[in-house]
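Colleague: Okay, here's the structure, questions in a sec.
The values are calculated or read from the model by the stated rules, or taken from the named source; none is laboratory data. What you are looking at is a predicted structure, and each value in this text was computed from that prediction instead of being measured. Backbone-built Cβ (ideal geometry, glycine too); neighbour counts: all protein chains shown. All accessible areas refer to the heavy atoms of the entire protein, side chains included, with ligands and DNA or RNA removed. Shrake-Rupley method; radii C 1.70, N 1.55, O 1.52, S 1.80 Å.
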Amino acid sequence: MSNEKTAIRTTYFSLLGNFSLALVKGLAGFFGNSYALIADAIESTTDIFSSLLVLLGFKYAEKPPDENHPYGHGKIEPLITFIVVAFLVTSATIIAYESIQHIQTPHKTPESWTLIVLGVIILWKEISYRVVIRKSKQTQSSSLRADAWHHRSDAITSVMAFLGISIALIFGEGYETADDWAALLASGFILYNSYLIFRPALGEIMDEHQYDDLILEVRKKSSQVEGVLGTEKCFIRKSGMIYHVDLHAIVDGKISVERGHWIAHNLKDHLRKEIPNLGHVLIHIEPNEYTYK
């Protein structure tokens, strides 16, 4: 299965899980007198919309290169990641604001059965995180990584809610707002995770140098091609789940132009065969006696 198909199937998994949990959390929070659970439901509701955006982004990124987009449509992925981060920041802000409002307003102690609901939710969200983050590493998808961290941030807010409700139940009167404080703390975790997701996506848009492992692999595979004496400059930029390579290959300076052209094509074909997630590979031939840095 291609990386694109894997990413789309994983997003459907996230979408279904987020929809189910948002409903469960909202009902449990309302009937169980827990704003921390309602805040959790708000976070899961934003997850539904963000997962939909990720899905649409993957569908668009699947489109083949065309005249206007010769490198394909993969750059949509970090742009979608920015929108997902915006959803995270928005949900964290809403949770923080509502938590402060509830802290200032007297209310009932949460029901003890909400802890069972939260325990199940925490387990499911952590499993979801591990499934999606594994797929994001497999596909090298920044959008899928953002979606995975949505699951992790959801698990964090649920853990905070669990602790807050436990404190309110154990200590009783005067501690009714413990789950509200827990929700406020969770909003801080969500904001921090938002930055962790945003920074790599920004680097992808700006074509930052951040693929040293792949560069080493490209150099190693290049040395296997007949006529390639070494490699010099190697630049890599990411577009969606595809990597585009600019490589300077060192060859014997006394060979013909035709021979150099043949080596370049051989090298390009070899790299794309050995490293399947490569897109465009541009080979520049350098004569060995004029090698420079």
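Colleague: For residues that are of a type in the set (Phe, Trp, Tyr) and out of contact with any helix residue (DSSP H, G or I) (no Cβ under 6 Å at 6 or more places or on another chain), scanning just the stretch 1-25, find the one that is most open to solvent (accessible area, probe 1.4 Å).
Modeller: Ranking the candidates gives Tyr12 first.
Colleague: Among Lys108, Lys59, which is the only one that is surrounded by fewer than 20 Cβ atoms within 10 Å (Cβ to Cβ), among the basic types (Lys, Arg) and more than 29 Å from Asn277 (Cβ to Cβ)?
Modeller: Lys108
Colleague: I need the full set of residues from the stretch 111-129 which are open to solvent by 10 Å² or more (accessible area, probe 1.4 Å), touching a residue at least 24 places away in the same chain (Cβ under 8 Å) and not in a loop (DSSP other than H, G, I, E, B), in order please.
Modeller: Leu115, Val117, Gly119, Ile122, Trp124, Glu126, Tyr129
Colleague: If you don't mind, there's one more thing I want to ask. Name the residue that is modelled with the lowest pLDDT, counting only residues in the stretch 51-80 that are basic (Lys, Arg) and not in a helix (DSSP H, G or I).
Modeller: Taking the candidates together, the pick is Lys63.
Colleague: Just to be sure before I move on: is Glu173 open to solvent by 10 Å² or more (accessible area, probe 1.4 Å) and more than 19 Å from the chain's Cα centre (by Cα) in the structure I sent?
Modeller: Yes: the conditions hold for Glu173.
Colleague: Based on what the data block shows, is Phe162 modelled with pLDDT of 80 or more, open to solvent by 20 Å² or more (accessible area, probe 1.4 Å) and within 14 Å of Ile121 (Cβ to Cβ)?
Modeller: In short, yes.
Colleague: Within the stretch 172-199, count every residue that is within 21 Å of Ile100 (Cβ to Cβ) and either touching a strand residue (DSSP E or B) at 6+ places or on another chain (Cβ under 6 Å) or not in a loop (DSSP other than H, G, I, E, B) (or both).
Modeller: The total comes to 17.
Colleague: Hey, among Ile83, Ile48, which residue is part of a helix (DSSP H, G or I), open to solvent by 50 Å² or more (accessible area, probe 1.4 Å) and free of Cβ contacts under 8 Å to residues at least 60 places away in the same chain?
Modeller: Answer to the check: Ile83.
Colleague: Would you pick out the residues in the stretch 91-100 that are of a type outside the set (Phe, Trp, Tyr) and modelled with pLDDT of 85 or more?
Modeller: Thr93, Ala96, Ile100 - these are the residues of the stretch 91-100 that are of a type outside the set (Phe, Trp, Tyr) and modelled with pLDDT of 85 or more.
Colleague: For the stretch 130-141, name all the residues that are in contact (Cβ under 8 Å) with a residue 60 or more places away in the chain and open to solvent by 20 Å² or more (accessible area, probe 1.4 Å).
Modeller: Val131, Lys135, Gln138, Gln140
Colleague: Has the stretch 273-290 got at least one residue that is surrounded by 14 or more Cβ atoms within 10 Å (Cβ to Cβ) and basic (Lys, Arg)?
Modeller: Among the residues of the stretch 273-290, not one is surrounded by 14 or more Cβ atoms within 10 Å (Cβ to Cβ) and basic (Lys, Arg), which makes the answer no.
Quick grid of which residues meet (1) more than 25 Å from Pro64 (Cβ to Cβ); (2) part of a strand (DSSP E or B); (3) modelled with pLDDT of 95 or more:
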{"position": "Glu232", "(1), (2), (3)": "yes, yes, no"}
{"position": "His244", "(1), (2), (3)": "no, yes, no"}
{"position": "Leu247", "(1), (2), (3)": "no, yes, yes"}
{"position": "Ile283", "(1), (2), (3)": "no, yes, yes"}
